[in-house]
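Asks: The structure under discussion is supplied below as structure tokens; questions concerning it will follow.
Read-outs throughout are calculated quantities, based only on the coordinates presented, and are distinct from any laboratory measurement. All values reported here derive from a predicted model rather than from experimental measurement.
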Amino acid sequence: MSNPIQVGIIMGSDSDLAIMQAAASVLQSFNVSFELTVVSAHRTPERMVQYATTAAARGLKTIIAGAGGAAHLPGMVASLTTLPVIGVPIKSSNSIDGWDSILSILQMPNGVPVATVALNAAKNAGLLAVQILAAFDPQLSLAFQAHKDQMEEAVLKKAAGLTKEWPNQYDQN
């Protein structure tokens, strides 16, 4: 029996793939099943509606939506589904330093929430999707905690290396 697909990764254009593949890599590292496709809010609105309105019935648990420029995809998808939507603002070729994308995703009206990560931060979107799923999956929760423990260990190792060369009071306690 194959794992049902748990996360949808969508983007407004295939030019966003270079950014959005970081979310896919994170999900793969946690063995979380996902689908990845292009769904444009402006160029394929009917595809977007169909994708969003059928996502839960198809077994998805959350959606990661990346978009640049006007960045309407995450918000429009969130308006059409009860699933959590994680928006990834993308600095695109027609972007105003990415601020247009950030604000389009971040400034959602009350009643239509979209979790928003930093500009081009698809990796964090993947991690947030894992965290959402881990709330209901004890094995995934343990794997996520191990990931956090590994990050802590790496920072402490780096801090210890600095302390050897430049001692300070904090690390000597």
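Asks: If the reach is capped at under 29 angstrom between alpha carbons, list the lysines near LYS61, excluding any in the same chain fewer than eight residues apart.
Replies: Counting by Cα, and skipping residues close in sequence, LYS61 has these lysines nearby: LYS91, LYS123, LYS148.
Asks: So if I restrict to the alpha-carbon atoms in region 98-173, what is the Rg, and what is Dmax, the biggest pairwise distance, in Å?
Replies: For region 98-173, the Cα-based Rg and Dmax read 18.3, 52 Å.
Asks: With only alpha-carbon pairs counted, each pair once and no self-pairs, how large is the Kirkwood hydrodynamic radius of region 73-123 in angstroms?
Replies: 11.1
Asks: Something else now. Using Cα atoms only, what is the angle between the long axis of helix 45-54 and the major principal axis of the chain, expressed in degrees (0 to 90) to the nearest 10?
Replies: 70
Asks: If I build a Gaussian network model for the chain, linking alpha-carbon pairs within less than 10 angstrom, which residue out of GLN131, GLN145, GLN21 has the largest mean-square fluctuation?
Replies: The residue that fluctuates most here is GLN145.
Asks: Relative contact order for the chain: what percent, with Cα pairs under 8 Å and sequence separation of 6 or more?
Replies: Reported as a whole number, the value is 21 percent.
Asks: Taking Rh as the Kirkwood radius, which is the inverse of the mean 1/r over Cα pairs, what is the Rg/Rh value for region 35-98?
Replies: Answer for region 35-98: 0.97.
Asks: Could I ask something else about it? To the nearest 10 degrees, how steep is helix 138-165 against the longest Cα principal axis of the chain, on a 0 to 90 scale?
Replies: Roughly 40 degrees between the two axes.
Asks: For region 122-157 and region 56-120, what is the centre-to-centre distance using only Cα atoms, to the nearest Å?
Replies: 22
Asks: Further, regarding this structure: Relative to the longest principal Cα axis of the chain, at what angle does helix 17-29 sit, 0 to 90 degrees, rounded to 10?
Replies: 60
Asks: Return an integer: the convex hull volume of the alpha-carbon atoms of the chain, in Å³ per residue.
Replies: That works out to 160 Å³ per residue.
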